[in-house]
Structure formats: C-alpha cells, structure tokens
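Enquirer: I am attaching a structure below and will ask some questions about it afterwards.
What follows is calculated from the coordinates using simple rules that are stated; it is not laboratory data. Here the structure is a predicted model, which means the values were calculated and not measured. Heads up, the Cβs are rebuilt from the backbone with ideal geometry, glycines too, and the neighbour counts pull from every protein chain shown.
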Amino acid sequence: MQTEFALQTDGPGLYEFTSQVAGWLSSFERDGVLTLFVRHTSCSLLVQENADPEVQTDLHAFFERLVPPSDHPSMTYLRHTYEGPDDMPAHIKAAMMPVSLSIPIRQGQMVLGTWQGIYLFEHRRAPHRRLVAAHLS
C-alpha cells in the first residue's frame, strides 16, 4: 500500500504530521513496516518528542547555529548561493538528518513511544509544499 502526504510549510521549523499518517494507517489492521520518504533535498524527516514544543524550537535553533545562512561570515566558502542564502545550508542540514524513516506497524498502528511524533523539518525560509511518500509493507 502506498500514498503520499502533502505538507504546507511556512518557513523553517518542525511540522508534525503524525495524525495524518495514523489516519491513513487506521484502515489497515495488519502488521508491517511503514517507510516514509521526503521527496525534496532541502528538508528532513524526524521522529521527535511531541509533548514539549520547546524541543522543536531548540532543535531548530541548534541547526541554525550549526549551519547558518550562506551570507553569514563563517559560510563564505559556499559556492551554491544563487538560490538564496538559505538554500545550500538547507541541503547541508538535509544531508545531516534523515530523509526517510522506517516505523514498525502493529495492527494498523505505529509502534511509537509515548512522546514520539513524526515531523517534517523544513530548512528553507520561504513557504513550500512538501511531499512525503509512504509505503506500508
């Protein structure tokens, strides 16, 4: 079984879409493995805490500090800058974090921990429509 999730982002940050995935899976009462794959090179997928929103804020702040925009003095070595100062840093962040996830499924439900959720981590400043392919096997 396959589907695709479309997520609208409003700029950098983590966007939870656990409920959309759970809704799709609810029609399948079976065990298996769910694979999620983001079809873009400037965002990532994460399983992360969904109880305290400060976790998402702190993660975003950490990666912004780790890989600042290309117009930051520490990033003058970057050459891929014609798509804006956030583009190449977004590719670097996506290379550092997962772009696919594997999640066990038991009787049509994700086997996630109590405080875990599925997030798209947007690394670009402008709004984007992001596509995440899903495959249940």
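Enquirer: Counting other beta carbons within 10 Å of each Cβ, put Glu54, Glu16 in order, fewest first.
Expert: Listing Glu54, Glu16 from fewest to most nearby Cβ atoms yields Glu54, Glu16.
Enquirer: Using 0.36 nm per residue, how much length does the chain from Arg65 to Trp115 gain when fully extended, once their Cα-Cα distance is taken away?
Expert: Numbers: separation 50, 0.36 × 50 = 18.00 nm, distance 2.57 nm.
Contour length minus the Cα-Cα distance gives 15.4 nm.
Enquirer: Calculate for the chain the 222 nm mean residue ellipticity that helices alone would give, adding -39,500 (n - 2.57) per DSSP H run of length 4 or more and normalising by residue count, nearest 500 deg cm²/dmol.
Expert: -7000 deg cm²/dmol
Enquirer: Tell me the angle of helix 87-96 to the major Cα principal axis of the chain, expressed in degrees between 0 and 90 and rounded to the nearest ten.
Expert: 50
Enquirer: Once semi-axes √(5λ) of the Cα gyration tensor in Å is worked out from the coordinates, which option in (i) 32, 17, 14; (ii) 25, 19, 14; (iii) 30, 15, 11 does it equal?
Expert: The value computed from this structure is option (iii).
Enquirer: Taking Cα centroids, how far is the range 85-137 from the range 9-76 in Å?
Expert: About 5 Å separates the Cα centre of the range 85-137 from the one of the range 9-76.
Enquirer: Could you compute the longest span of the chain free of chymotrypsin sites (Phe, Trp or Tyr not before Pro) located in DSSP loops and having at most 10 other Cβ atoms within 10 Å, not counting the site residues?
Expert: Longest run free of exposed loop sites: 1-76.
Enquirer: If packing is taken as the average number of other Cβ atoms within 10 Å across a peptide's residues, how do 128-135, 105-112 rank, most packed first?
Expert: Numbers: 128-135: 16.6, 105-112: 14.2.
So the peptides 128-135, 105-112, ranked by packing, come out 128-135, 105-112.
Enquirer: Report, in degrees rounded to the nearest 10, the 0 to 90 angle that the Cα long axis of helix 53-66 makes with the longest principal axis of the chain.
Expert: Once rounded, the angle reads 40 degrees.
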